[in-house]
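This report refers to the structure that appears directly beneath it.
The values are calculated or read from the model by the stated rules, or taken from the named source; none is laboratory data. All of these numbers come straight from a predicted model, not from anything done at the bench. So basically every Cβ, Gly included, is an ideal-geometry build from the backbone, and we count neighbours across all protein chains shown. Areas reflect the complete protein model, heavy atoms only, side chains present, ligands, DNA and RNA absent. Shrake-Rupley method; radii C 1.70, N 1.55, O 1.52, S 1.80 Å.
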Amino acid sequence: MSMRPDSIRNVSWAVVRDGAERRHVYRRDVDLHLKDGRIVEITPAGARPTGPGEVVLDGKGLLALPGLINIHSHPSTEPGYRGVREDHGVPEQQMTGLMERLQAFRLGDDGRQSAATMAYSEMLRAGTTTACDVTVPFDGWLETMAQSGMRFHAAPTFASARWGMESPQTVTWKWDEAAGLAQFEKAKRVMDDAESHNSGRLDAVVFPAQIDTVTPDLFAAGRRHADETGRRFSTHVGQSVVEVREMIRRHNRTPIQWAAEQGLMKSDTIMAHCILLDDHPQINWHTRKDLDLIAEAGASVAHCPQPFARYGLAMDHVGRYRARGVNVGLGTDCAPHNLIEEMRLAIVAGRLMSEDVRSLDTAGAFEAATFGGAAALGRDDIGALAPGMMADIVLVDLNHPLMQPARDPLRSFVFHAADRAVRTVLVDGEVVLKDGNPVHLDPVAAMERLAEAQARMLCDSVKLDYANRPGDEISPLSLPIA
């Protein structure tokens, strides 16, 4: 049976909203009072006596945080690449392995549901309460989301083309416009199903897959659909040098400039990744206006540093985007789906690219993972602990060795303890992670099914890869077997 406490008492440290400001502050020794899935009051510990029959969660020795918001992730595929993609890249494609993997490796639907179960469990363990799940829809997808107890924005993708390869240096686009239209119609049905789901925790995002795999007509149809339904709009853009060069070849415009001309970027738009702007060192196009176009449109950027750092690629730089007024939220994109680690890497990568410790600090990264994500999704009721906000709460063990000394517990959490210290997670005031374990999901059973599905995927690559290679040749083990 799910637990719904009426209060969390004697919380040692809490990160709460500073009045009506978009700013977090610490409070010490407080009680959080909950009702109907919301926070109704935050008082000094013991200021209000415990009522008869009140269900109390003990917060002594705990840090209370607002639930983290992951605005871009691929939970149903990326766990299947664990042990496959970490060192994989194609030098001829400026090190990205994206096109080669997506051509050669296809995870079956049984594996995808198991991957989603594992990823949702990982998200909860890392304090994520809201996530945008981007995938080609499959049977059981929405039910698995709802079962987790998290909030989800389902983003069923649709595209007019698939990437292919003829050789390491040659990427191709295989166009099928009729298939793209059919996928769009299916996506609309799935989005309707998500929004009408009886869990009350599912929403939807209109998501044409990539800036270079969708026709202008289909992009326009997707944009109109978002406008007509009031849904958020998102796509992958600026994620590989191959993509940027192809869009320049087609339109003599960078992807961002083309998106702006097509009217795709508005205040409800989430631009996923958006790393390779015209002035990025790996692009160095003759213009210097991409960042201004994003800011002027009021669009948000989903920053997912980890997958790109593996290719030697980083945003230049996150502090510059924020200073220009761009709303930046965080996503995980790939496994691990651990938004705490993404916060840490966003800080470090921003400082490396800017050569400035002030590019991004702990408070700024946490704002991106909370306020930034909420703004990107159009929500003003999540991402902060304050009266009237949804009771999406993360409780962190201050007595964990990696949280000690607890001089500045948020820094200890982001830089040291991460998910290892997360003990309890509530969504809508319901406990969905207890003692570090998901209440409604069974990741152990999912692990076995995913391992079998990954083995099939690696064997089947000989039928899909441009050179008919087995998976172990495309991505060899990190060490030889003696």
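For the stretch 159-180, name all the residues that are touching a strand residue (DSSP E or B) at 6+ places or on another chain (Cβ under 8 Å) and either of a type in the set (D, E, K, R) or open to solvent by 70 Å² or more (accessible area, probe 1.4 Å) (or both).
162, 166, 174, 175, 176
In this structure, is residue 57 surrounded by 19 or more Cβ atoms within 10 Å (Cβ to Cβ) and in contact (Cβ under 8 Å) with a residue 12 or more places away in the chain?
Values: surrounded by 19 or more Cβ atoms within 10 Å (Cβ to Cβ): yes; in contact (Cβ under 8 Å) with a residue 12 or more places away in the chain: yes.
Spelling it out, residue 57 is indeed surrounded by 19 or more Cβ atoms within 10 Å (Cβ to Cβ) and in contact (Cβ under 8 Å) with a residue 12 or more places away in the chain.
In the stretch 86-109, what residues are small (Gly, Ala, Ser) and within 19 Å of residue 210 (Cβ to Cβ)?
Taking the stretch 86-109 and keeping what is small (Gly, Ala, Ser), we get 89, 97, 104, 108.
Within the stretch 86-109, 89, 97, 104 meet the criteria.
Can you tell me which residue is surrounded by the most Cβ atoms within 10 Å (Cβ to Cβ) among those in the stretch 185-205 that are over 13 Å from residue 143 (Cα atoms) and without any contact (Cβ under 8 Å) to a residue 40 or more places away in the chain?
The qualifying residue surrounded by the most Cβ atoms within 10 Å (Cβ to Cβ) is 188.
With respect to residue 442, determine if the residue is over 17 Å from residue 61 (Cα atoms), in contact with a helix residue (DSSP H, G or I) (Cβ under 9 Å, 6 or more places away or on another chain) and open to solvent by 20 Å² or more (accessible area, probe 1.4 Å).
Considered against the rule, which asks whether it is over 17 Å from residue 61 (Cα atoms), in contact with a helix residue (DSSP H, G or I) (Cβ under 9 Å, 6 or more places away or on another chain) and open to solvent by 20 Å² or more (accessible area, probe 1.4 Å), residue 442 comes out as yes.
Looking only at the stretch 7-33, how many residues end up being touching a residue at least 40 places away in the same chain (Cβ under 8 Å), within 30 Å of the chain's Cα centre (by Cα) and over 24 Å from residue 367 (Cβ atoms)?
1
Which is at pLDDT 95 or above and either under 24 Å from the mean Cα position of the chain (by Cα) or crowded, with 22+ Cβ neighbours inside 10 Å (or both), of 469, 456, 407, 411? I'd like the intermediate steps shown before the answer.
On the way: 469 fails: either under 24 Å from the mean Cα position of the chain (by Cα) or crowded, with 22+ Cβ neighbours inside 10 Å (or both); 456 fails: either under 24 Å from the mean Cα position of the chain (by Cα) or crowded, with 22+ Cβ neighbours inside 10 Å (or both); 407 fails: either under 24 Å from the mean Cα position of the chain (by Cα) or crowded, with 22+ Cβ neighbours inside 10 Å (or both).
From the options 469, 456, 407, 411, the qualifying one is 411.
Give, as residue ranges, the strands (runs of 3 or more DSSP E) completely inside the stretch 289-404 that count at least 1 residues that are under 25 Å from residue 256 (Cα atoms) and either polar (S, T, N, Q) or open to solvent by 10 Å² or more (accessible area, probe 1.4 Å) (or both).
On the way: elements: 300-303, 327-330, 393-397.
Counting at least 1 such residues, we get 300-303, 327-330.
Quick one: is residue 133 closer than 30 Å to residue 396 by Cα, among the acidic types (Asp, Glu) and in contact with a helix residue (DSSP H, G or I) (Cβ under 7 Å, 6 or more places away or on another chain)?
Taking the combined requirement at face value, the residue satisfies it.
If you go through the stretch 96-146, how many residues are part of a helix (DSSP H, G or I), over 25 Å from residue 434 (Cα atoms), open to solvent by 10 Å² or more (accessible area, probe 1.4 Å) and not charged (D, E, K, R)?
Counting residues in the stretch 96-146 that are part of a helix (DSSP H, G or I), over 25 Å from residue 434 (Cα atoms), open to solvent by 10 Å² or more (accessible area, probe 1.4 Å) and not charged (D, E, K, R) gives 3.
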